[in-house]
Amino acid sequence: MPEKDIYLLAIESSCDDTSAAVLHGRKMLSNVVATQQIHREYGGVVPELASRAHQQHIVPLVHQALAKANIDKKLLSAIAFTRGPGLMGSLLVGTSFAKSLSLGLGIPLIEVNHMEAHILAHFIETPGKEPPPFPFLAMTISGGHTQIVLVRGYSDMEVLGETLDDAVGEAFDKTAKLLGLPYPGGPLIDKYAASGDPEAFDFPIPKVPGLDFSFSGLKTSVLYFMQKHTEADPGFIERERDNICASLQRTIVTILMQKLRRAAKQTGIRHVAIGGGVAANSGIRKALAEAESKLGWTTYIPPFQYCTDNAGMIGIVGYLKYLDGRFSDLSVSAQARYKIGG
Ligand code: KG4
Ligand code: ZN
């Protein structure tokens, strides 16, 4: 089949967003996402509730994605789905759905690694944006991941460093919770930071060897910091909210940039791509823009809809694998821990 006639349906259900997308080659025809609001009440994702909500959303979402793309399911060339990593109950919903549809329609099934998809989201056709050239460095930063990857080719990736504990998005969300902000607190920290002084307070930068990260210490130090100050001055947090947010954001951005600069130095690569929900953060965007002018980097950030969890990014990997004939058989199963290249 000529490349231009490849239509792919993609499914993402690894965490708390259910998503379905239809691609025509590298072009996105539709990319619909149902974000589960229920977790807000709990201040974090509740796995059992997530899988139940995926179960409710998946069929209507696939119909919606096909309708929006204006194509009949009979036109589909293959179906791609997230095999892992993620929450087992959530992954099972997408995996079972994709396997059944592949069997029902008699079309190939393509498993996709969610972390590779965050990286290859840069290759979705986007007007005015060029994808990064190989080799490049990719940093995926979200509520579930913090990883620096050396990308030599579509299927030639090496993880250089990752978090040893919390993901960077969790660091934002958990410290925001300590400040009394609702979940997810990352965007609010970013918002309040804009009116605060980033040098107002100092939080420790962890000393982690190599290119790995650690964020759990930050949460603890913010807890002690708040306890110390509110004991003597109960109105402290409210009054200093913007300064605390700005200082926290500076600390987190410093941690990320320190490792990214080290990775660039170690590999000699200056093409740096970021993705994941935290890529929306204005502090990291500013730091990357500075690295362009000061360090000669070229940086890449996909449109926001491809940064957060979405099926479009699963679809682009599906398409690239389709071109290579890398299909899965029906014995494939969800894998909660699924390493890049694994
Ligand atoms: O990629 P994503 O939508 O979901 C996954 O975790 O996979 O990322 C969500 C994370 C949350 O932790 C949220 O607080 C964070 O991204 N986030 C931000 C910003 N926007 C989203 N963190 C800091 N600044 C932002 N502007
Ligand atoms: Zn993700």
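The values are calculated or read from the model by the stated rules, or taken from the named source; none is laboratory data. It should be emphasised that the depicted structure is a prediction, and the values quoted were computed from it without experimental measurement. Cβ: placed from backbone, ideal geometry, glycine included. Neighbour counts: every protein chain shown.
In the set (1) surrounded by fewer than 17 Cβ atoms within 10 Å (Cβ to Cβ); (2) closer than 20 Å to A121 by Cα, I269 fails one condition alone, (1).
To keep it simple, each residue is scored yes or no on (1) within 23 Å of the chain's Cα centre (by Cα); (2) in contact (Cβ under 8 Å) with a residue 40 or more places away in the chain; (3) closer than 27 Å to D190 by Cβ; (4) not in a strand (DSSP E or B).
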position: E292; (1), (2), (3), (4): yes, no, yes, yes
position: Q305; (1), (2), (3), (4): yes, yes, yes, yes
position: G315; (1), (2), (3), (4): yes, yes, no, yes
position: L320; (1), (2), (3), (4): yes, yes, no, yes
position: A336; (1), (2), (3), (4): yes, yes, no, yes
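Residues in the stretch 158-173 that are touching a helix residue (DSSP H, G or I) at 6+ places or on another chain (Cβ under 7 Å) and over 19 Å from D309 (Cβ atoms): L160, G161, D165.
Can you tell me which residue is nearest to K339 (Cα to Cα) among those in the stretch 79-94 that are more than 15 Å from ligand 2 (Cβ to nearest atom) and surrounded by fewer than 23 Cβ atoms within 10 Å (Cβ to Cβ)? Among them, the one singled out is M88.
Quick grid of which residues meet (1) in the same structural domain as T35 (by TED's automatic domain parsing); (2) more than 25 Å from S247 (Cβ to Cβ):
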site: G89; (1), (2): yes, yes
site: G104; (1), (2): yes, yes
site: L109; (1), (2): yes, yes
site: P131; (1), (2): no, yes
site: V149; (1), (2): no, yes
site: G153; (1), (2): no, yes
site: G161; (1), (2): no, no
site: L181; (1), (2): no, no
site: G186; (1), (2): no, no
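Within the stretch 272-283, being within 16 Å of ligand 2 (Cβ to nearest atom) and part of a helix (DSSP H, G or I) holds for G277, V278, A279, A280. When we screen D173, D166 for residues that are of a type outside the set (A, V, I, L, M), in contact with a Ser or Thr (Cβ under 6 Å, 6 or more places away or on another chain) and within 13 Å of ligand 1 (Cβ to nearest atom), the only hit is D166. In the set (1) in contact (Cβ under 8 Å) with a residue 40 or more places away in the chain; (2) more than 15 Å from the chain's Cα centre (by Cα), N310 fails one condition alone, (2).
Considering D329, D309, the condition of being acidic (D, E), buried (at least 19 other Cβ atoms within 10 Å of the Cβ) and either outside the structural domain of A21 (by TED's automatic domain parsing) or under 19 Å from A171 (Cβ atoms) (or both) is satisfied by D309 alone. Restricted to the stretch 1-15, and to residues there that are at pLDDT 95 or above and either of a type in the set (D, E, K, R) or assigned to a strand (DSSP E or B) (or both), the residue that is farthest from L105 (Cα to Cα) is E12. Within the option set D212, D166, D173, being under 29 Å from P132 (Cβ atoms) and more than 16 Å from ligand 2 (Cβ to nearest atom) holds for one residue only, D212. Quick one: in the stretch 16-45, of everything that is crowded, with 24+ Cβ neighbours inside 10 Å and at pLDDT below 95, which residue is nearest to ligand 1 (Cβ to nearest atom)? Looking at residues that are crowded, with 24+ Cβ neighbours inside 10 Å and at pLDDT below 95, I get D16. Considering the stretch 130-147, and only residues there that are near ligand 2 (Cβ under 10 Å from one of its atoms) and of a type in the set (S, T, Y), the residue that is surrounded by the fewest Cβ atoms within 10 Å (Cβ to Cβ) turns out to be S142. Scanning the stretch 25-62 for residues that are farther than 28 Å from T126 by Cα and of a type in the set (S, T, Y) gives Y42, S51. Considering (1) assigned to a loop (DSSP other than H, G, I, E, B); (2) within 15 Å of ligand 2 (Cβ to nearest atom); (3) within 20 Å of G84 (Cβ to Cβ); (4) not polar (S, T, N, Q), the lone condition that R326 does not fulfil carries the number (2). Tell me which residues, restricted to the stretch 46-68, are buried (at least 22 other Cβ atoms within 10 Å of the Cβ) and small (G, A, S). Once the filter is applied, which keeps residues that are buried (at least 22 other Cβ atoms within 10 Å of the Cβ) and small (G, A, S), the stretch 46-68 yields A50, A53, A65.
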